[in-house]
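Report on one structure; see the data block that follows.
The values are calculated or read from the model by the stated rules, or taken from the named source; none is laboratory data. Remember, predicted model here, so these are calculated numbers, not experimental data. Heads up, the Cβs are rebuilt from the backbone with ideal geometry, glycines too, and the neighbour counts pull from every protein chain shown. Heavy atoms of the whole protein, side chains included, go into the accessibility calculation; ligands, DNA and RNA do not. Shrake-Rupley method; radii C 1.70, N 1.55, O 1.52, S 1.80 Å.
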Amino acid sequence: MGNTKGITTYLTAMIAQYDATLCALKGCDQGFHNYLYYSGKLLGAVTDIQVFDQGEGNVNNLGALRDVPLKERGILDDQGMVLNNDKSISKVAHQVDRDSGLNIIIKARKKVFKNKWDETKKTMKK
(Lines give C-alpha, C1' and ligand atoms only; values in the text may rest on other atoms or scores of the structure.)
Protein backbone atom coordinates (compact mmCIF):
# COMPACT_ATOMS: atom_id res chain seq x y z
CA MET A 1 0.00 0.00 0.00
CA GLY A 2 1.39 3.39 -0.82
CA ASN A 3 1.59 6.24 -3.29
CA THR A 4 2.42 5.95 -6.99
CA LYS A 5 6.09 6.90 -6.55
CA GLY A 6 6.62 4.44 -3.73
CA ILE A 7 4.91 1.54 -5.49
CA THR A 8 6.72 2.27 -8.77
CA THR A 9 10.07 2.41 -6.94
CA TYR A 10 9.32 -0.84 -5.14
CA LEU A 11 8.25 -2.68 -8.29
CA THR A 12 11.27 -1.41 -10.22
CA ALA A 13 13.52 -2.64 -7.41
CA MET A 14 11.79 -6.05 -7.42
CA ILE A 15 12.34 -6.36 -11.18
CA ALA A 16 15.98 -5.36 -10.76
CA GLN A 17 16.41 -8.07 -8.11
CA TYR A 18 14.99 -10.66 -10.47
CA ASP A 19 17.19 -9.40 -13.33
CA ALA A 20 20.28 -9.55 -11.10
CA THR A 21 19.59 -13.05 -9.75
CA LEU A 22 17.34 -14.71 -12.33
CA CYS A 23 15.90 -16.58 -9.37
CA ALA A 24 12.63 -18.20 -10.38
CA LEU A 25 12.31 -20.67 -7.51
CA LYS A 26 9.21 -20.62 -5.35
CA GLY A 27 9.81 -18.10 -2.57
CA CYS A 28 12.36 -15.92 -4.36
CA ASP A 29 9.96 -13.00 -4.25
CA GLN A 30 9.93 -13.13 -0.44
CA GLY A 31 13.70 -13.08 -0.45
CA PHE A 32 13.63 -10.05 -2.74
CA HIS A 33 11.20 -8.25 -0.40
CA ASN A 34 13.38 -9.02 2.62
CA TYR A 35 16.58 -7.97 0.88
CA LEU A 36 15.14 -4.66 -0.29
CA TYR A 37 13.79 -3.88 3.15
CA TYR A 38 16.75 -4.92 5.31
CA SER A 39 19.42 -3.58 2.95
CA GLY A 40 17.80 -0.13 2.92
CA LYS A 41 17.70 -0.11 -0.89
CA LEU A 42 14.34 1.67 -0.89
CA LEU A 43 15.27 4.41 1.59
CA GLY A 44 15.06 7.87 0.11
CA ALA A 45 12.64 6.90 -2.64
CA VAL A 46 10.15 5.31 -0.27
CA THR A 47 9.77 7.53 2.78
CA ASP A 48 7.70 5.42 5.14
CA ILE A 49 8.05 1.65 5.28
CA GLN A 50 6.13 -0.10 8.03
CA VAL A 51 6.48 -3.77 8.89
CA PHE A 52 3.66 -5.41 10.80
CA ASP A 53 3.48 -8.72 12.63
CA GLN A 54 1.27 -11.34 11.04
CA GLY A 55 -2.38 -10.47 11.61
CA GLU A 56 -1.69 -6.84 12.56
CA GLY A 57 -1.47 -4.76 9.37
CA ASN A 58 -3.47 -4.15 6.20
CA VAL A 59 -2.23 -7.40 4.63
CA ASN A 60 -2.70 -10.65 6.53
CA ASN A 61 -0.02 -13.01 5.20
CA LEU A 62 -1.24 -16.57 5.74
CA GLY A 63 1.57 -18.51 4.03
CA ALA A 64 3.58 -19.37 7.14
CA LEU A 65 0.52 -20.64 9.01
CA ARG A 66 0.02 -23.82 7.02
CA ASP A 67 0.91 -26.27 9.82
CA VAL A 68 -2.48 -25.86 11.56
CA PRO A 69 -5.75 -25.10 9.70
CA LEU A 70 -6.78 -21.44 9.92
CA LYS A 71 -10.17 -22.44 11.34
CA GLU A 72 -8.45 -24.18 14.27
CA ARG A 73 -6.29 -21.09 14.84
CA GLY A 74 -9.38 -18.87 15.03
CA ILE A 75 -8.21 -16.93 11.96
CA LEU A 76 -11.05 -18.17 9.72
CA ASP A 77 -14.55 -17.43 11.02
CA ASP A 78 -17.81 -19.31 10.37
CA GLN A 79 -18.61 -17.06 7.38
CA GLY A 80 -15.26 -17.86 5.77
CA MET A 81 -13.75 -14.48 6.54
CA VAL A 82 -10.07 -14.15 7.42
CA LEU A 83 -9.57 -12.41 10.76
CA ASN A 84 -6.78 -10.29 12.18
CA ASN A 85 -5.45 -10.89 15.68
CA ASP A 86 -8.00 -8.43 17.09
CA LYS A 87 -10.79 -10.44 15.34
CA SER A 88 -11.52 -7.68 12.81
CA ILE A 89 -11.89 -8.82 9.19
CA SER A 90 -8.62 -8.63 7.27
CA LYS A 91 -8.56 -6.01 4.53
CA VAL A 92 -6.29 -8.18 2.37
CA ALA A 93 -5.65 -11.90 2.83
CA HIS A 94 -2.42 -13.02 1.11
CA GLN A 95 -1.64 -16.62 0.16
CA VAL A 96 -5.17 -17.89 0.76
CA ASP A 97 -4.35 -21.02 -1.25
CA ARG A 98 -2.09 -22.31 1.54
CA ASP A 99 -5.05 -23.38 3.69
CA SER A 100 -7.21 -26.12 2.18
CA GLY A 101 -10.41 -25.01 3.93
CA LEU A 102 -10.03 -21.39 2.88
CA ASN A 103 -8.96 -22.41 -0.62
CA ILE A 104 -12.26 -24.29 -1.08
CA ILE A 105 -14.21 -21.23 0.12
CA ILE A 106 -12.31 -18.88 -2.20
CA LYS A 107 -12.81 -21.15 -5.22
CA ALA A 108 -16.56 -21.33 -4.51
CA ARG A 109 -16.77 -17.53 -4.19
CA LYS A 110 -14.81 -17.13 -7.41
CA LYS A 111 -17.24 -19.42 -9.24
CA VAL A 112 -20.25 -17.40 -8.01
CA PHE A 113 -18.55 -14.13 -8.95
CA LYS A 114 -17.63 -15.43 -12.41
CA ASN A 115 -21.18 -16.62 -13.07
CA LYS A 116 -22.58 -13.22 -12.05
CA TRP A 117 -19.99 -11.47 -14.20
CA ASP A 118 -20.83 -13.66 -17.21
CA GLU A 119 -24.52 -12.81 -16.78
CA THR A 120 -23.69 -9.10 -16.48
CA LYS A 121 -21.66 -9.21 -19.70
CA LYS A 122 -24.59 -10.84 -21.52
CA THR A 123 -26.95 -8.04 -20.47
CA MET A 124 -24.39 -5.40 -21.50
CA LYS A 125 -24.27 -6.76 -25.06
CA LYS A 126 -28.03 -6.29 -25.54
Förster-model FRET efficiency, 30 Å R0, Thr12 and Asp78, C-beta, rounded to 0.05 | 0.10
Gln30-Asn58 FRET efficiency (beta carbon distance; Förster radius 22 Å; 0.05 resolution) | 0.80
Would you mind checking the range 47-90 for residues with the amide N under 20 Å from a putative spin-label position 7 Å along Cα→C-beta of Thr4?
-> 47-48
Give me the lysines in straight-line cross-link reach of Lys121: C-alpha distance below 25 Å, same-chain residues under 8 apart excluded.
-> Lys107, Lys110, Lys111
Amide hydrogen neighbours beyond the local backbone of Ala93, cut-off 5 Å, H modeled = Asn60
Relative contact order (percent) for the range 1-102, with alpha-carbon contacts under 8 angstrom and 6 or more residues of separation?
-> 23
Per residue value of the accessible surface for the range 27-126 (all protein chains in place, 1.4 Å probe), Å² = 74
Of every hundred units of 1.4 Å-probe accessible area on the range 1-120, the number belonging to carbon and sulfur atoms, as a percent, is 57
Which ³J(HN,Hα) values in Hz, rounded to whole numbers, follow from the phi angles of the range 4-12 under the Karplus curve 6.51 cos²θ - 1.76 cosθ + 1.60, where θ = phi - 60° and Gly and Pro get x?
-> 4, 4, x, 5, 4, 4, 4, 5, 4
Spread of Cα-to-Cα distances over 10 Å intervals beginning at zero, given as percent, for the chain | 11, 30, 29, 24, 6, 0
